[in-house]
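Novice: Before I ask anything, let me first share the structure, which is written out below as structure tokens.
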Amino acid sequence: MHGIFCELGSDSGAVVAGAVLGAIWTGFRSADAYARLRRRRFGGALLALERGVEQTYQTYVKAIKASRADGRLTESEKARARSMARARGAAAAKDAGIDLLRTIGSEYVDLWIARIVARRKRRRGERRRGALD
């Protein structure tokens, strides 16, 4: 052990110390780049899921709501709409080179769909209130 510390004063010790510090710096930078890539993929997956929800609303939900006086979907229709939104979102993500279920997590997709739908309803309500003002 004593020999290693004595070498730190020499040129080869400086080269070793520089290489170690360079490796540590590279590790930090690559971890940062990987985290940015994961955030970008996650954001892309959420955008694809939003597209799937919007397409499902336009092609399925809107027609059901228009055909009913109360405009409500049954539980089975809601489940089918979630399934359609999941499939369409996965297809949109695949087109962008993203595996939706792997990126978001298959157990969280329905949660994100519920969040997207709630945000969509909230925005629609805000637009209606703004039109009435």
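Novice: Filter segment 85-97 down to residues that are assigned to a loop (DSSP other than H, G, I, E, B) and either more than 14 Å from E50 (Cα to Cα) or acidic (D, E) (or both), then give me how many there are. Break it down stepwise before answering.
Specialist: Let us first name the residues in segment 85-97 that are assigned to a loop (DSSP other than H, G, I, E, B), namely 96-97.
Retained after the next criterion (residues that are either more than 14 Å from E50 (Cα to Cα) or acidic (D, E) (or both)): 97.
Number satisfying all stated conditions: 1.
Novice: Sticking with this one: Among the residues of segment 105-119, what is the count of those that are open to solvent by 70 Å² or more (accessible area, probe 1.4 Å) and within 13 Å of A45 (Cα to Cα)?
Specialist: So the answer is 1.
Novice: For T26, indicate whether it is surrounded by 12 or more Cβ atoms within 10 Å (Cβ to Cβ), of a type in the set (S, T, N, Q) and out of contact with any His (no Cβ under 6 Å at 6 or more places or on another chain).
Specialist: no
Novice: Scan R68, R41 and give me the residue that is in contact with a Ser or Thr (Cβ under 8 Å, 6 or more places away or on another chain) and of a type in the set (D, E, K, R). Quick ask: steps written out before the conclusion?
Specialist: Values: R68 fails: in contact with a Ser or Thr (Cβ under 8 Å, 6 or more places away or on another chain).
Among R68, R41, only R41 is in contact with a Ser or Thr (Cβ under 8 Å, 6 or more places away or on another chain) and of a type in the set (D, E, K, R).
Novice: So which of R102, R122 is of a type in the set (D, E, K, R), open to solvent by 70 Å² or more (accessible area, probe 1.4 Å), assigned to a helix (DSSP H, G or I) and closer than 16 Å to A45 by Cα?
Specialist: Within the list R102, R122, the selection yields R102.
Novice: Now for a separate question. Of all residues in segment 52-84, which are open to solvent by 70 Å² or more (accessible area, probe 1.4 Å), of a type in the set (K, R) and in a helix (DSSP H, G or I)?
Specialist: Across segment 52-84, the qualifying residues are K62, K78, R80, R82.
Novice: Same structure again: Which of the residues belonging to segment 34-51 are modelled with pLDDT of 70 or more and open to solvent by 40 Å² or more (accessible area, probe 1.4 Å)?
Specialist: Across segment 34-51, the qualifying residues are R36, L37, R38, R39, R40, R41, F42, L47, E50, R51.
The values are calculated or read from the model by the stated rules, or taken from the named source; none is laboratory data. Since the model is a prediction, treat every value here as computed from it, not as a measurement. So basically every Cβ, Gly included, is an ideal-geometry build from the backbone, and we count neighbours across all protein chains shown. Note: accessible area is taken over every heavy atom of the protein model, side chains too, but ligands, DNA and RNA are not part of it. Shrake-Rupley method; radii C 1.70, N 1.55, O 1.52, S 1.80 Å.
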